[in-house]
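What follows is a set of notes on a single structure, which appears directly below.
The values are calculated or read from the model by the stated rules, or taken from the named source; none is laboratory data. Because the structure is a prediction, the values reported are computed rather than measured. Every residue, glycine as well, gets a Cβ built from its backbone with ideal geometry; the counts of neighbours run over all protein chains shown.
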Ligand SMILES: [Zn+2]
């Protein structure tokens with residue numbers, strides 16, 4: 001399923017190929033979000049044309065609407081959304097627990113809320129126990145249960161190439177004791193996911209377990225060992241990775257070091273990280289795939305990715321300073337926004353007027369940016385020059401030029 005090609009001599013980075021039932025994915029790779037079965041504002045050919053080989057659909061949202069039964073009637077999510085290439089689906093754990101983060105935190109602090117109250121749209125967690133999570137749908141207030149078996153059943157109906165095991169995503173502010181208890185339950189849930197899948201899973205679907213453990217080193221190592229021992233096909237790193245970048249990288253580093261020892265040949269996915277620094281350093285730490293809302297979400301807020309580390313890689317086209325700027329977002333970028341010659345002034349005007357075309361153009365640009373960045377990183381690893389290229393990228397070399405800029 002996963003063929004490693006090159007290992008970097010001076011870091012944990014590696015290149016490889018994921019061979020999945022709907023095609024291959026060259027790694028390290030970024031996986032754009034198709035949360036509700038669509039990479040927002042784009043059609044599948046555009047996503048593939050930019051160079052992405054896999055997207056991620058969201059079990060929680062698709063479960064609530066339009067529902068797995070309807071999608072299965074269309075032959076699964078690939079056919080429903082007309083994306084013929086590899087697909088990951090997450091387990092729904094992250095969203096269901098995000099909805100209840102406030103609720104979980106209050107429960108731990110002893111401040112219980114009235115069940116079902118306070119959450120926007122009426123969504124709320126009612127209980128978390130060994131069986132799973134009971135919650136109220138944010139769409140219609142209906143009572144739902146998401147359990148390891150139900151999550152796998154939904155992902156089987158969606159027909160993804162990679163299913164993620166159901167986990168509890170513990171937030172940063174919970175106690176160590178809660179993180180530990182929850183992590184062990186997540187390990188038991190992983191066993192239930194794998195048992196369900198062994199009996200009912202669609203042929204060819206792979207299952208990734210998820211390492212939890214918050215920011216506690218010993219818990220991360222325990223979780224890495226439990227997930228590696230479970231025999232799942234790949235390993236994802238989830239949960240709270242800390243408050244800031246440095247801590248996030250430390251937590252990921254502990255985990256990948258342990259996985260390098262226990263399951264070096266299995267693919268590793270980092271959940272929810274996709275800022276430029278995080279991608280570059282994540283690759284150095286031995287992550288094979290990443291998914292994140294950042295590139296596409298920023299675009300929908302009028303923010304373009306640019307090689308400007310001092311500005312957190314962001315160019316806010318909504319700002320007045322671009323009102324009469326003739327420049328494109330990024331000179332030399334081959335995306336339709338830049339190669340098409342659309343000025344910052346024009347994009348600024350469209351963003352301010354909330355024209356949908358602006359969000360599309362900036363989404364195309366941001367995804368181009370990330371795709372070229374990942375290509376640079378793969379090329380650099382294969383040529384044994386990751387350290388220089390990572391350094392050039394961090395210093396602000398534009399993706400697509402970083403490999404030559406590194407000399
Ligand atoms: Zn561009």
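Please verify whether residue 399 is within 16 Å of the ligand (Cβ to nearest atom), crowded, with 20+ Cβ neighbours inside 10 Å, not in a helix (DSSP H, G or I) and not assigned by TED's automatic domain parsing to the domain that holds residue 43, treating the condition exactly as stated.
So residue 399 passes the test.
Under 24 Å from the mean Cα position of the chain (by Cα) and touching a residue at least 24 places away in the same chain (Cβ under 8 Å), is that true of residue 356?
no
Could you say whether any residue in region 336-350 is under 25 Å from the mean Cα position of the chain (by Cα) and in contact (Cβ under 8 Å) with a residue 24 or more places away in the chain?
Yes, the conditions are met somewhere in region 336-350.
Across region 334-343, which residue is nearest to the ligand (Cβ to nearest atom) among those that are within 11 Å of residue 364 (Cα to Cα) and assigned to a loop (DSSP other than H, G, I, E, B)?
Ranking the candidates gives 335 first.
Of all residues being more than 11 Å from the ligand (Cβ to nearest atom) and part of a helix (DSSP H, G or I) in region 352-369, which is surrounded by the most Cβ atoms within 10 Å (Cβ to Cβ)? Just the residue, please.
Among residues in region 352-369 that are more than 11 Å from the ligand (Cβ to nearest atom) and part of a helix (DSSP H, G or I), the one surrounded by the most Cβ atoms within 10 Å (Cβ to Cβ) is 358.
Only one of 377, 347 is within 14 Å of the ligand (Cβ to nearest atom) and buried (at least 24 other Cβ atoms within 10 Å of the Cβ); which?
Going through 377, 347 in turn, the sole match is 347.
Regarding residue 304, is this residue in a strand (DSSP E or B), within 16 Å of the ligand (Cβ to nearest atom) and buried (at least 22 other Cβ atoms within 10 Å of the Cβ)?
yes
Here are some conditions: (1) at pLDDT 95 or above; (2) in a helix (DSSP H, G or I). Residue 384 meets all but one. Which one does it not meet?
(2) is the only condition that residue 384 fails.
Report every pair of residues separated by at least 6 positions or lying on different chains whose Cβ atoms are under 6 Å apart, first residue within region 113-139 and part of a loop (DSSP other than H, G, I, E, B), second modelled with pLDDT under 70 and loosely packed, with under 15 Cβ neighbours inside 10 Å.
Correct list of pairs: 113/106; 138/121.
Could you tell me which numbered condition residue 282 fails, if it satisfies all but one of (1) touching a strand residue (DSSP E or B) at 6+ places or on another chain (Cβ under 6 Å); (2) within 16 Å of the ligand (Cβ to nearest atom); (3) under 30 Å from residue 247 (Cβ atoms); (4) not in a strand (DSSP E or B)?
Going through the list (1) touching a strand residue (DSSP E or B) at 6+ places or on another chain (Cβ under 6 Å); (2) within 16 Å of the ligand (Cβ to nearest atom); (3) under 30 Å from residue 247 (Cβ atoms); (4) not in a strand (DSSP E or B), residue 282 breaks only (2).
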